[in-house]
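For reference, the structure discussed in these notes is given below.
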Amino acid sequence: MSDGKSLQGFSQGLCKGLGRPGPLLSVEGVTKRYGARIGCAEVSFDLWPGEVMGIVGESGSGKTTLLRCLSGHLSPDEGRVLYDIDGQPTDTLTLTEAERRRLMRTDWAFVHQNPRDGLRMGVSAGGNVGERLMGTGARHYGRIRAAALDWLDRVEIAADRIDDRPSAFSGGMQQRLQIARNLVTGPRLVFMDEPTGGLDVSVQARLLDLLRGLVREMGLSAVIVTHDLAVVRLLADRLMVMQGGHVVEQGLTDQVLDDPQHAYTQLLVSSVLQA
Amino acid sequence: MAVIEIEGLAKDFTLHHQGGAVIPVMAGARLSVEAGECVALTGASGAGKSTLMRMVYGNYLARAGRIGVCGVDVAQASPRDILALRRDRLGYVSQFLRVVPRVPTLEVVAEPLLAVGEDRDAALARARDLLSRLNLPEALWGLSPTTFSGGEQQRVNIARGFAHPYPAVLLDEPTASLDPANRDVVLTLIEEAKARGAAILGIFHDAEARARVCDHEVDVGAFTPRTAA
């Protein structure tokens, strides 16, 4: 903050009541092909701190491919994914393997649809949460166990289950444990692939409530892939609709759902069964 | 300058799955609401009152025109700027309560205050104050409003809409399913908001309520496009 220019920019941000320096994630023209077939094509968007972006579309629309490209699990054929590291937009595709691993262990989190993909099933619940903390250098056993207990409590898993393995948990509990394991390091960006898929409706509601609270309290940014329009309406600030690998429409979540412009979005919205 | 200022506003719906029919629903809409003023939208059912309100909130897209709200042109603004506007300057009491199931009523009402960074205790105190003024039994505050009656849900919606002192407020039938006592509380809340300088745009089928709180009326029927009939 030594030069006047950045101070001015900072105070302008505050005057707008928002104090946001720049996007956390900038996606520029991301394209991924599987041979001649398109996975996702020319996807661009900015995600700002504290914002939740929803991505909807039917199976095969490219939403999961896009999520995997954004989160470093797949390399796109074209385009860039810039992430704010210490105020510098950094191309995550040019990071060294070690740098990328560190990012994925600390500042980023990935919540899989199937908790088995995000948990170590042979390790206790406390171990699952503590392991991610140890990955960031924590070594003090008492403090790691205390942090694990705190997080189990936040995701509503009773303290006396800390030494049980996740295989003894219900699907909803496993999903909450996966969330605790991911968020214990205080990440700034969370990728979620169908986080409520495969859960009972009552368990979904509980998870939605939990996620919304965490997003607000921790100021998290998130990218959520789902096919459930009710989930994005309650969780996402903004929405992208994908079809055949392309983003066909994007905007404010409620605007896209209530006044859809594209033929495919109109079909998607009008196909939802009324409960 | 007016807090809400609308000029040349037009709206069509294109129905891609019904032969691509384009239905013009509004053209040349204009109105303004000053600070401390309440303006009622009137017109027959289907004239476009709700459509106009939804456009002001950014929930429907405009085809043409300008929708100035607290200096932001909602017709042109990015989603991020509309989100910021909704968070701190533009409130909306809709007819329907849409909340995450399981969240207690008190939290639902306090949420807009927490979103602008209000201290948690102060936000909850304000929520309690509003819910007790609106005569919602205290036994219900810890429960999710999803199972409440229509009138109870509406009061939760109103409490939530008045929790944060927005400079601009949209009200869609705020007194529709209320008994006389609660109706009076809501009209008093509207008067208090006007007194602190809020600009209010509303739909009120209740003519007496309109006479009590509204400074003037805008007939939305005048903005119905004259197309090949």
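Quick grid of which residues meet (1) out of contact with any strand residue (DSSP E or B) (no Cβ under 9 Å at 6 or more places or on another chain); (2) in contact (Cβ under 8 Å) with a residue 60 or more places away in the chain; (3) among the hydroxyl-bearing types (Ser, Thr, Tyr):
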residue: A:Arg145; (1), (2), (3): yes, no, no
residue: A:Ala159; (1), (2), (3): yes, no, no
residue: A:Gln178; (1), (2), (3): no, yes, no
residue: A:Met192; (1), (2), (3): no, yes, no
residue: A:Ala205; (1), (2), (3): yes, no, no
residue: A:Leu211; (1), (2), (3): no, no, no
residue: A:Ala222; (1), (2), (3): no, yes, no
| query | For the stretch A:162-178, does any single residue satisfy the condition of being at pLDDT below 90 and closer than 28 Å to B:Leu113 by Cα? | reply | no
| field | Qualifying residues in the stretch B:7-43 (those that are within 27 Å of B:Thr188 (Cα to Cα) and either among the aromatic types (Phe, Trp, Tyr) or assigned to a strand (DSSP E or B) (or both)) - the one nearest to the other protein chains (Cβ to nearest Cβ) | value | B:Leu41
| said: Six or more apart or on different chains, Cβ atoms under 8 Å: show the pairs whose first residue is in the stretch A:52-80 and farther than 20 Å from A:Leu220 by Cα and whose second is of a type in the set (Phe, Trp, Tyr). | reply: A:His73/A:Phe110
| said: Where the second residue is surrounded by 19 or more Cβ atoms within 10 Å (Cβ to Cβ) and among the β-branched types (Val, Ile, Thr) and the first is touching a residue at least 24 places away in the same chain (Cβ under 8 Å) and more than 12 Å from chain A (Cβ to nearest Cβ) and lies in the stretch B:96-112, which pairs have Cβ atoms under 7 Å and are six or more apart or on separate chains? | reply: B:Leu97/B:Val156; B:Thr105/B:Val156; B:Val109/B:Val156
| request: Would you be able to say whether some residue in the stretch B:144-161 is surrounded by fewer than 21 Cβ atoms within 10 Å (Cβ to Cβ) and either within 18 Å of B:Asp88 (Cβ to Cβ) or aliphatic (A, V, I, L, M) (or both)? | output: no
| task | Give the residues of the stretch A:228-275 that are free of Cβ contacts under 8 Å to residues at least 12 places away in the same chain and more than 11 Å from every other protein chain (Cβ to nearest Cβ), sorted by residue number. | result | A:Leu273, A:Gln274, A:Ala275
| Which one is farthest from the other protein chains (Cβ to nearest Cβ), of the residues in the stretch B:118-141 that are closer than 20 Å to B:Ala198 by Cβ and assigned to a loop (DSSP other than H, G, I, E, B)? | B:Leu134
| query | Can you tell me which of A:Leu199, A:Leu183 is touching a Leu at 6+ places or on another chain (Cβ under 9 Å), modelled with pLDDT under 95 and within 14 Å of chain B (Cβ to nearest Cβ)? | reply | A:Leu199
| field | Restricting the stretch A:44-98 to residues that are acidic (Asp, Glu) and in contact with a helix residue (DSSP H, G or I) (Cβ under 9 Å, 6 or more places away or on another chain), the residue that is farthest from B:Gly117 (Cα to Cα) | value | A:Glu58
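The values are calculated or read from the model by the stated rules, or taken from the named source; none is laboratory data. Note that the coordinates shown come from a computational prediction; the quantities given were computed from them, not determined experimentally. So basically every Cβ, Gly included, is an ideal-geometry build from the backbone, and we count neighbours across all protein chains shown.
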